[in-house]
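Trainee: One structure is given below, represented as structure tokens, and several questions about it will come after.
Values quoted throughout were computed directly from the atomic coordinates according to the rules given, and no laboratory measurement underlies them. As the structure is a prediction and not an experimental result, all values here were calculated from the model. Note: ideal-geometry Cβ built from the backbone for every residue, glycine included; neighbour counts use all protein chains shown.
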Amino acid sequence: MNKKYKHILTFSLIMIVIMSVLLIVSIYNQKQFIDENETASNAKIIYILVTAFLLASSIFSILIILIKNHKKTTKKAMRMSHKTKKVGPIKNELIAKYQKEDKNIVKEDTNKSSLETSSDNRFSMLCKIDEEIENSGPMSFEDETTLSQICEEFRLYSADKLKLYYDIEDIRRFIAGLSVTRIIILQGMSGTGKTSLAYAFGKYLKNDTTVVPIQPMWKERTDLIGYYNEFTRKFNETTLLQKIYEANYLDKIYITVLDEMNIARIEYYFAEFLSLLELPDYNKRYLDVVSDEWNTDPKLLQKGRIILPKNMWFIGTANNDDSTFAISDKVYDRAMVLNLDKKATPFRVKESNQRMLSETKFEELIKKAQKVYKITERNLRRIKTIDKYLTDKYQITFGNRIMQQIKNYVPVMIACGGSELGAIDDILSKKVLRKLETKNMVYVKSTIPDLISFIEELFGEEEMLLCKEYIKQIEINA
């Protein structure tokens with residue numbers, strides 16, 4: 001029976017009881033005071049009649065409700081009967097089968113929400129991705145290539161199709177940086193093509209880059225991946241969350257741009273990502289999305305968590321001005337930095353191509369380069385020597401993380417077409433000498449001539465140009 005009818009029926013029954021009691025009392029009183037004057041007697045008679053009318057109305061209401069409910073039940077039964085005729089009789093053995101299955105059903109986990117039984121789901125876009133992947137065929141990749149070819153192709157494609165011009169050394173540093181970490185920071189003046197570089201790389205790979213404009217008030221990971229709305233009972237799925245989910249299915253390379261990443265505190269909104277990207281086992285990088293689990297959740301969302309896939313890179317563009325926050329050592333140590341300080345000169349391109357490269361092939365090329373182009377023993381000794389000098393002079397040390405990054409970065413730069421000393425020069429200037437800015441600048445400035453002389457004596461006067469340029473810039477700014 002409808003809830004509305006139930007409430008009316010309950011109210012009517014209560015009224016009947018009350019009216020019945022009042023009617024009995026009134027009749028009894030009428031008999032007791034039969035000798036009263038005529039006016040009082042008439043008033044009591046009117047009171048009895050009103051009570052009787054209300055009692056009759058309540059009874060009539062109940063009858064109407066029962067009749068309507070009976071008609072509704074009858075119609076429903078007729079419809080069910082009609083459906084049964086269409087389906088046909090069910091065999092006894094089929095009934096027995098389902099009765100047996102019913103006995104084996106285990107009770108639902110009490111921790112799961114009762115809303116799980118709803119036909120709706122809270123992740124409509126992620127479930128849509130499930131369907132699209134299920135209905136799509138296998139992907140075809142163009143994996144016959146080398147790292148140096150990727151660099152050259154990407155540079156030519158950017159110039160030809162997008163009219164974006166980059167120096168080949170910047171392209172090599174960008175590609176080599178992807179081999180070291182999943183976080184790249186692009187720094188430089190406005191208009192030098194920081195966001196465009198990451199955007200163009202996605203176009204070259206035939207997998208569009210996701211651009212996330214960072215907002216000044218962002219403080220939590222929910223600002224990046226979305227949140228569950230208690231009122232609508234739906235999850236607000238951001239584009240980034242959808243790309244993270246899709247990347248768990250496919251072997252493509254995914255690029256996400258955190259545009260103006262330091263307009264808010266990176267350590268706040270990106271904290272969980274920083275921690276997860278440090279884990280060596282990719283399969284244990286679980287990103288918490290929701291706190292519970294529903295039966296209607298998308299396939300790859302297990303216990304409210306999803307894996308942060310290894311085929312996704314985060315490219316942050318950074319500005320250093322009064323409107324932004326300083327990037328902390330915690331972020332710099334985990335990222336590779338590329339400085340885009342000037343625009344490259346435009347050049348003509350006869351032909352350019354895109355390439356759908358798989359992440360598996362890209363990792364294979366990286367591992368091959370790191371095996372073939374290992375840093376020479378001579379340069380390893382040089383690196384250890386400058387490490388000791390900086391430790392003694394400034395209390396600056398490389399640390400295990402930076403040392404491993406150097407060993408990973410230099411071979412890939414060589415495979416991309418760069419030189420060994422050029423790669424060492426680049427990574428030392430960005431990852432090690434940068435730490436001089438955190439020291440006493442008066443003392444640092446006074447020791448700069450000695451530091452430059454030491455570097456020239458160790459590597460040669462014509463080498464380590466980036467390191468010497470960086471040191472001189474510190475002296476100017478001090």
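Trainee: Classify segment 373-478: rounded, prolate or oblate, from the alpha-carbon gyration tensor (a ≥ b ≥ c, eigenvalue square roots; a/c under 1.5 rounded; otherwise prolate if a/b is larger than b/c)?
Mentor: Prolate shape, in that a/c is at least 1.5 and a/b is the bigger ratio.
Trainee: Also, I was wondering about something else. If all Cα-Cα distances of segment 112-246 are sorted into 5 Å bins from 0 onward, what percent lands in each bin, rounded to whole numbers?
Mentor: Going from the shortest bin to the longest, the percentages are 2, 7, 13, 16, 15, 13, 12, 9, 5, 3, 2, 0.
Trainee: Arrange 141, 174 by Cβ neighbour counts within 10 Å, fewest through most, would you?
Mentor: 141, 174
Trainee: Moving on to the next point. Extending each Cα 7 Å along its Cβ direction at residue 377 and residue 456, get the distance between those two points in nm, one decimal.
Mentor: 3.0 nm
Trainee: Can you pull the percent of Cα pairs in segment 141-209 with separation above 19 Å?
Mentor: 29 percent
Trainee: Please identify every one of the chymotrypsin sites (Phe, Trp or Tyr not before Pro) in segment 340-442 that sits in a loop by DSSP and has no more than 11 other beta carbons within 10 Å of its own beta carbon.
Mentor: Hits after loop and neighbour filter: 347.
Trainee: Return the tail of the calculated pair distribution for segment 186-229, meaning the percent of Cα-Cα pairs more than 15 Å apart.
Mentor: Everything past 15 Å amounts to 60 percent.
Trainee: Over the alpha-carbon set of segment 244-364, divide Rg by the Kirkwood Rh and report the Rg/Rh ratio to two decimals.
Mentor: 1.04
Trainee: Something else now. In whole angstrom, how long is each semi-axis of the equivalent ellipsoid of segment 121-355, when you take the square root of 5 times every eigenvalue of its Cα gyration tensor and sort them from largest down?
Mentor: Value: 31, 23, 15 Å, ordered largest first.
Trainee: How many angstrom lie between the C-alpha centres of segment 422-470 and segment 200-237?
Mentor: Centre-to-centre (Cα) distance: 39 Å.
Trainee: Which order results if 278, 377, 475 are arranged by neighbouring Cβ count within 10 Å, fewest first?
Mentor: Sorted ascending by nearby Cβ count, the order is 377, 278, 475.
Trainee: I would also like to ask the following. With Kirkwood's inverse mean 1/r over C-alpha pairs for Rh, give me the Rg to Rh ratio of segment 185-300, two decimals please.
Mentor: 0.98
Trainee: Once the Cβ-Cβ distance between residue 320 and residue 136 is put in as r, and R0 is 41 Å, what FRET efficiency do you end up with, to the nearest 0.05?
Mentor: E between residue 320 and residue 136, to the nearest 0.05, is 0.40.
Trainee: I've got another one for you. Give me 173, 122 ranked fewest to most by other Cβ atoms within 10 Å of their Cβ, as a rough exposure proxy.
Mentor: 122, 173
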